[in-house]
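Let me begin by presenting the structure, written as structure tokens, before commenting on it.
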């Protein structure tokens with residue numbers, strides 16, 4: 001029974017985790033990170049207030065922002081939901097312990113990571129949103145997502161077998177590994193750019209914030225070319241060798257997502273950092289990582 005429903009539970013957990021990543025970016029882009037100044041409660045309450053008049057006396061009513069508070073509170077609620085879903089995934093994975101230990105091990109690794117992430121979230125709040133802590137928080141979120149994708153794939157991979165010649169498998173392995181590595185570096189660089197924006201003089205026009213970031217922003221922009229050119233190389237290889245439809249479609253999806261990221265980046269730089277595109281920029285990264293990881297896993301699983 002548990003084995004039958006594991007794929008559904010695991011995939012649902014992946015979807016909700018992606019939603020949580022988007023919500024987390026909304027929290028940061030809206031400046032709601034300290035909407036709840038304490039942890040695990042919010043203003044020393046399990047359900048936060050909606051007006052300053054309802055605040056406990058030890059908190060400053062002048063610093064209360066209901067929108068920020070509830071944005072951060074919803075982020076925490078979805079985080080708890082993800083935690084329970086990952087726990088459920090780990091429990092269901094026990095049914096694979098004998099025949100496919102990779103499902104069991106990766107599911108429990110995701111559980112360990114999400115417990116660490118919960119602790120880290122508390123440290124982020126207590127540190128007053130210290131920049132380095134926020135970046136680590138985001139990287140761990142991506143690691144959780146990748147671990148869950150791996151667990152789900154290991155459970156359903158036998159439904160997606162196809163044939164690839166050995167040298168094609170090897171080439172796709174190198175392409176996908178390189179793309180994942182480059183994209184993770186780009187995500188880390190992006191978090192550093194975001195930290196630079198957070199530290200910018202925000203009394204000036206929003207469009208001028210990016211100019212204050214300095215060298216790391218130019219590195220982030222320039223590095224995107226390495227990701228894009230690698231993806232173009234992948235497409236060239238796939239088309240030249242007329243690889244199977246699944247691989248071709250996945251490769252085009254990766255290129256499309258990278259081009260979308262480049263477009264969003266251009267809008268952010270020259271459009272005055274519109275918050276909605278800040279959300280999309282990091283949120284789309286989660287889809288990009290999933291697509292690259294699926295290419296990697298599919299290339300290793302093919303006959």
Residue hits (region 196-218; part of a helix (DSSP H, G or I) and surrounded by fewer than 18 Cβ atoms within 10 Å (Cβ to Cβ)) are 198, 206, 207, 208, 211, 212, 215, 216, 218
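Could you please find all residues in region 233-243 being loosely packed, with under 13 Cβ neighbours inside 10 Å and at pLDDT 90 or above? Outline the logic, then answer.
Step one: of region 233-243, the residues loosely packed, with under 13 Cβ neighbours inside 10 Å are 236, 239-240, 242.
If the condition is that a residue be loosely packed, with under 13 Cβ neighbours inside 10 Å and at pLDDT 90 or above, then 236, 239, 240 are the ones that fit.
Just checking, which of 118, 79 is within 23 Å of residue 27 (Cβ to Cβ) and either in contact (Cβ under 8 Å) with a residue 40 or more places away in the chain or assigned by TED's automatic domain parsing to the domain that holds residue 197 (or both)? Don't jump to the end; show me each part of the working.
Working: 118 fails: either in contact (Cβ under 8 Å) with a residue 40 or more places away in the chain or assigned by TED's automatic domain parsing to the domain that holds residue 197 (or both).
Just a single option satisfies the conditions, and that option is 79.
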Of 40, 49, the only residue that is more than 18 Å from residue 81 (Cα to Cα) and over 18 Å from the mean Cα position of the chain (by Cα) is 49
**OP:** For region 264-275, state whether one or more residues are without any contact (Cβ under 8 Å) to a residue 60 or more places away in the chain, within 30 Å of residue 151 (Cβ to Cβ), part of a helix (DSSP H, G or I) and in the same structural domain as residue 180 (by TED's automatic domain parsing).
**Re:** yes
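Identify, please: which residue in region 1-35 is assigned to a loop (DSSP other than H, G, I, E, B) and under 22 Å from the mean Cα position of the chain (by Cα) and is, among those, surrounded by the fewest Cβ atoms within 10 Å (Cβ to Cβ)? So that I can check it myself, show each step before the final result.
We begin by selecting, within region 1-35, every residue assigned to a loop (DSSP other than H, G, I, E, B); these are 1, 30-35.
From what's left, under 22 Å from the mean Cα position of the chain (by Cα): 30-35.
On the way: 30: 17, 31: 15, 32: 20, 33: 21, 34: 17, 35: 25.
The residue in question is 31.
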Conditions (1) touching a residue at least 24 places away in the same chain (Cβ under 8 Å); (2) crowded, with 17+ Cβ neighbours inside 10 Å -> residue 188 fails only (2)
Scanning region 155-176 for residues that are in contact (Cβ under 8 Å) with a residue 24 or more places away in the chain and surrounded by fewer than 23 Cβ atoms within 10 Å (Cβ to Cβ) gives 156, 157, 160, 161, 162, 163, 164, 168, 169, 171, 173
In region 59-99, anything surrounded by 17 or more Cβ atoms within 10 Å (Cβ to Cβ) and assigned to a loop (DSSP other than H, G, I, E, B) is listed as 64
State whether the residues of region 244-253 include one that is at pLDDT below 85 and not in a helix (DSSP H, G or I). yes
Only unsatisfied item for residue 111, checking (1) farther than 26 Å from residue 29 by Cα; (2) at pLDDT below 85; (3) not assigned by TED's automatic domain parsing to the domain that holds residue 290, is (2)
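The values are calculated or read from the model by the stated rules, or taken from the named source; none is laboratory data. If you're wondering where the values come from, they're calculated on a predicted model, not measured in any experiment. Note that each Cβ is placed from the backbone with ideal geometry, even for glycine, and that neighbours are counted across all protein chains shown.
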